[in-house]
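Student: Submitted below is the structure of interest, expressed as structure tokens.
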Amino acid sequence: MIEVNIESKAFGSTPVLGPIRFGVRAGETVALTGPSGIGKSTVLRILAGIDEQFEGTITRPDEVAFVFQEPTLLPWRSVLKNILVPHPRLTPQQGHEALKSVGLEDKAEFFPNQLSLGQQRRLSLARAFARTPELLIMDEPFVSLDAETADEMMRLTEKLIVAHQPAALFVTHDRREAERLADRVILLEHKPTGAEIARDGNEVTAAEIDGVGPG
Amino acid sequence: MQAARLTPLLSLAGLLSLWVVAAVLTDDAQILPKPWQLGPLFLQEAGSGELWSHLLATIIRVLWAFGLAMTLGTLLGLIMGRSPRTNAWLDPWLVVFLNLPALVLIVLCYLWIGLTEAAAIIAVTLNKVPNVAVVIREGARALDPDLDAMAQVYKMPWLSRMRHVIFPQLAPFIAAAARSGVAVIWKIVLVVEFLGRSSGIGFQIHLYFQLFDVAMVLVYAFSFICVMLLVEWLLLQPFERSTRRWRTA
Ligand SMILES: Nc1ncnc2c1ncn2[C@@H]1O[C@H](COP(=O)(O)OP(=O)(O)OP(=O)(O)O)[C@@H](O)[C@H]1O
Ligand SMILES: [Mg+2]
């Protein structure tokens, strides 16, 4: 259902990605990992259609959701509006339900800067799931959260993935995150002509993920 | 604190007394009337309706030029700030227009278009567009690329993007451009009227300049200054505050 077929990607004259091919089935969750700066975020941006300057083809569904590393909210709109503005076809009632699914039901009229970072992250998660995405993309969604909040966010993400069954691709540097959420791990490695897939499957070892270290 | 508040008042009172002293010394109401001599003249002009009709003519021109300059300047600034290629092409034009004296543009507009209302408004607009564009371009360059990506992923339609993503980020820049815009535009409008219109405050000033009637020049000038100060306090400053409200919520 999701097909990534990148032949190459360069920023100016600097090659960043070499040939990268993989697919993600509906209901499958894939972790993407590799050293910092290798091009993981770039793969996600290409898959999401944010970056269209590359050689190759992408097959993706209509309903895409992206959880950015930063919450990326509209600071000048209320919490509820942050759900409804990107999804104008939702009713306010559905907006409230999306907030409820991440425990923010009593914050609807707040502004984002009145929320803690963990709450902002949850809002960004609620925004991603508000319209049952067919493809869910997450870029290091749990970094710079304390262990407890990260755990809570992961539990929430698991729950939402089970409920909505999207094809999911997320970037992580954390072995436990990958083991817990992913059915499959893709490891990128440096090649002179840009990053390529070193391993793809469930046999990527814990040591290999740990080897890439935090980004 | 108390003293700091009094300073501007004392300073203005000083200016007023300087005027009085100068008026007493010249002792010629033709050259410099005393401040209180303007009162009856003001009442006379206001009573006859002259003052209001000319004030209205000028305000309408200010509004037209302001609206056009803000719209065109914002569009231009937004495009130039978002597209480095367009910016590379248009930036030299901007520099030329920024350095063109207002008077030259006014005279050229009158020569090419004729002594018409359209020429007057175009001249004022062209004078202001480059300044607005420069301010808005700064704002457009500071737009958050992550929010752009977000808007793109969720396929937000153009209008909604403008309204919810772009405009709130540009609002402080638009407010700044509007404030400096009004300040410049109303001064240029007077020059335009002085040179080629038969109504408006600038025209009246021209008339009384030819009659060497300093008192009437002052009456018309002060009336207009008062109106523009009211606009500043009642419209522009509240708008500027409202663009910042979410920050302090
Ligand atoms: N807009 C850009 N212009 C030029 N180079 C860029 C741009 N974006 C990314 N790069 C370069 O592309 C390479 C890959 O960047 P990317 O952000 O995809 O890495 P990453 O794997 O996500 O790293 P990290 O784990 O640190 O987030 C980096 O070397 C980066 O410097
Ligand atoms: Mg990254």
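Student: To the nearest whole percent, what portion of all C-alpha pairs in segment A:32-85 is separated by more than 16 angstrom? Present the calculation step by step, with values, prior to reporting the outcome.
Tutor: Numbers: 825 of 1431 pairs.
When every Cα pair of segment A:32-85 is considered, 58 percent fall beyond 16 Å.
Student: Sum up the lysine pairs in the protein assembly as shown that clear both bars: alpha-carbon distance under 21 Å and a spacing of 8 or more or different chains.
Tutor: Details: A:LYS9/A:LYS40; A:LYS9/A:LYS191; A:LYS40/A:LYS191; A:LYS81/A:LYS100; A:LYS81/A:LYS107; A:LYS81/B:LYS155; A:LYS100/A:LYS159; B:LYS128/B:LYS187.
Qualifying lysine pairs in the protein assembly as shown: 8.
Student: Binning at 10 Å from 0, report for segment B:83-144 what percent of all alpha-carbon pair distances ends up in each bin.
Tutor: 21, 42, 26, 10, 1
Student: On to the next question. Express the relative contact order of segment B:33-173 as a whole percentage, based on alpha carbon pairs under 8 Å and six or more residues apart in sequence. Write down the numbers at each step before the final one.
Tutor: Values: 98 pairs, mean separation 41.1, N = 141.
Relative contact order for segment B:33-173 comes out at 29 percent.
Student: Continuing with this model, one more query. Mean projection of the alpha-carbon convex hull of segment A:1-146 over all orientations, in nm²? Please list the in-between numbers first.
Tutor: Details: hull surface 38.9 nm².
Result: 9.7 nm².
Student: Report the far tail of the P(r) of segment B:37-183, meaning the percent of Cα-Cα pairs longer than 18 Å.
Tutor: Details: 7054 of 10731 pairs.
When every Cα pair of segment B:37-183 is considered, 66 percent fall beyond 18 Å.
Student: Modelling each spin label as a point 7 Å along the Cα-to-Cβ direction, I'd like the B:PHE167/B:GLN237 distance in nm, to one decimal.
Tutor: About 2.6 nm separates the two model spin labels.
Student: Ignoring everything except DSSP H segments at least 4 long, calculate the 222 nm mean residue ellipticity for chain B; use -39,500 (n - 2.57) per segment, divide by total residues, nearest 500.
Tutor: Working: 13 runs with 204 residues, N = 249.
Taken over chain B, the calculation gives -27000 deg cm²/dmol.
Student: Cα extents of chain B along the three principal axes, largest first, in whole Å?
Tutor: 74, 55, 31
Student: Moving to a separate point now. Above 15 Å lies some portion of the pair distances; for segment B:119-213, what is it as a whole percent of all C-alpha pairs?
Tutor: Cα-Cα pairs in segment B:119-213 separated by more than 15 Å: 69 percent.
Student: Work out the mean other chain Cβ neighbour count within 10 Å for the residues of B:153-163 and drop it here as an integer. Don't jump to the answer; show the numbers that get you there.
Tutor: Details: counts 14, 13, 6, 4, 1, 0, 0, 3, 1, 0, 1.
Per residue, the number of nearby Cβ atoms from other chains is 4 on average.
Student: Same structure again: Modelling each spin label as a point 7 Å along the Cα-to-Cβ direction, I'd like the B:TRP93/B:ALA29 distance in nm, to one decimal.
Tutor: 5.4 nm
Student: Determine the per residue accessible area of segment A:111-203 with all protein chains present and a 1.4 angstrom probe, expressed in square angstrom.
Tutor: Numbers: 3940 Å² over 93 residues.
With the other protein chains kept in place, segment A:111-203 gives 42 Å² per residue.
Student: Roughly how much accessible area, to the nearest 100 Å², goes out of reach of solvent when B and A pair up, both sides summed, probe 1.4 Å? Walk me through the numbers on the way to the answer.
Tutor: Values: alone 14760 and 10290 Å², together 23180 Å².
Buried: approximately 1900 Å² between A and B.
Student: Counting helices only, and only those DSSP H runs with n ≥ 4, report the 222 nm mean residue ellipticity of chain A as the sum of -39,500 (n - 2.57) divided by its residues, in deg cm²/dmol to the nearest 500. Spell out each step's value before the answer.
Tutor: Values: 7 runs with 70 residues, N = 215.
Calculated from helices alone, the mean residue ellipticity at 222 nm is -9500 deg cm²/dmol.
Student: For chain A, which whole-number percentage of the solvent-accessible area (1.4 Å probe, protein heavy atoms only) is attributable to carbon and sulfur atoms?
Tutor: Details: 4460 of 9390 Å².
Heavy-atom surface of chain A belonging to carbon and sulfur, 1.4 Å probe: 48 percent.
Student: Just the C-alpha atoms of the protein assembly as shown: what Rg/Rh do they give, with Rh taken as the Kirkwood radius? Before the final figure, lay out each step's value.
Tutor: Working: Rg = 31.3 Å, Rh = 27.0 Å.
Using Cα coordinates only, the ratio equals 1.16.
Student: For the pair B:LEU56 and B:SER160, what calculated FRET efficiency results from E = 1/(1 + (r/R0)^6), where r is the Cβ-Cβ distance and R0 = 45 Å, to the nearest 0.05?
Tutor: On the way: r = 38 Å, r/R0 = 0.85.
FRET efficiency, B:SER160 to B:LEU56: 0.75.
The values are calculated or read from the model by the stated rules, or taken from the named source; none is laboratory data. On a predicted model such as this, the values are computed, not experimentally measured, just so you know. Here the Cβ is made from the backbone with ideal geometry for all residues, glycine too, and neighbour counts use every protein chain on show. Only protein heavy atoms, including side chains, enter the accessible area calculation; ligands, DNA and RNA are left aside. Shrake-Rupley method; radii C 1.70, N 1.55, O 1.52, S 1.80 Å.
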